[in-house]
Amino acid sequence: MAFSVPVTVRGYELDINGHLNQAVYLQYAEHARWELLRAAGIQEEKMIASGIGPIVLENNIKYFRELHGGDEVTVSCEFEWAGGKVFKMRQFVTKLDGTVSAQIDVVGGVMDLKARKLVADPGAAMREIAESPEVLGL
């Protein structure tokens, strides 16, 4: 089951065309990912103390429907743990009526903060520090 957070589009996030600026979709996606980590019981301090940090290696956004000021959306996150040093995540920005505005596909990893390299098993690293690993799909 996908994790999601609500967001209301704010006027200052609009571009000259009167719809949500394309870069803001990435901010919404990042916000949802951090809220997911918080829901799993993983705070920034816990990651730093464990010597790890999540990183985004790739983002791909497909835009389907424009958003306007005041639109209410949910931003979802769902992990795909496929093994290896990276994981995938699919995120959707969806209006309350069910209309998908955008899809964000993410390739991420977990960095060893001292070695500055990806850890061998990001799922295991996150499971070790999570209070509720099921929120992460682990």
Exercise. Towards the positive end of the charge dipole of the chain, with charges on Cβ (+1 Lys, Arg; -1 Asp, Glu), say which of Ile129, Phe64, Gln43 has the farthest Cα.
Key: Ile129
Self-check item: Volume of the Cα convex hull of the chain, divided per residue and given in Å³
Solution: 110 Å³
Quiz item: In deg cm²/dmol, rounded to 500, what helix-only [θ] at 222 nm does the chain give when every DSSP H run of at least 4 residues adds -39500 (n - 2.57) and the total is split over its residues?
Solution: -7000 deg cm²/dmol
Quiz item: Once both labels are modelled 7 Å past Cα along the beta-carbon direction, what's the Asp97-Leu113 spacing in nm?
Solution: 4.5 nm
Quiz item: Where only protein heavy atoms count, and the probe is 1.4 Å, what is the accessible area per residue for the chain in Å²?
Solution: 56 Å²
Quiz item: Under the definition of Cα pairs under 8 Å and six or more residues apart, what whole-number percent is the relative contact order of the range 65-138?
Solution: 26 percent
Practice problem: Enumerate the calculated ³J(HN,Hα) couplings along the range 39-56 in order (Karplus 6.51 cos²θ - 1.76 cosθ + 1.60, θ = phi - 60°), each rounded to whole Hz, writing x wherever the residue is Gly or Pro. | Solution: 5, 7, x, 10, 9, 4, 4, 5, 5, 4, 5, 7, x, 10, x, x, 9, 9
Quiz item: Can you give the accessible area of Arg127 in Å² (nearest 10), computed on protein heavy atoms with a 1.4 Å probe?
Solution: 120 Å²
Quiz prompt | Whichever lysines have a C-alpha closer than 21 Å to that of Lys95, once near sequence neighbours (fewer than 8 apart) are set aside | solution = Lys62
Quiz item: Residues with amide H under 5 Å of Ile42's amide H, sequence separation 5 or more or different chain, H placed in the peptide plane at 1.01 Å from N; which?
Solution: Glu131
Quiz item: Between Leu26 and Glu78, how many nm apart are label points set 7 Å from Cα along the C-beta direction?
Solution: 2.5 nm
Quiz item: With contacts defined as alpha carbon pairs under 8 Å and 6 or more residues apart, what's the relative contact order of the chain in percent?
Solution: 30 percent
Quiz item: Carbon and sulfur atoms: what percent of the 1.4 Å accessible area of the chain do they account for?
Solution: 52 percent
Quiz item: Under a point-charge model restricted to the Cβ atoms of Lys and Arg (+1) and Asp and Glu (-1), what is the dipole moment magnitude of the chain relative to its Cα centre, in debye to the nearest 20?
Solution: 360 debye
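The values are calculated or read from the model by the stated rules, or taken from the named source; none is laboratory data. Fair warning: this is a prediction, and the values are worked out from it, not measured in the lab. Neighbour counts run over all protein chains shown; Cβ positions are idealised from the backbone, glycine included. What goes into the accessible areas is simple: the full protein's heavy atoms, side chains included, and nothing from ligands, DNA or RNA. Shrake-Rupley method; radii C 1.70, N 1.55, O 1.52, S 1.80 Å.
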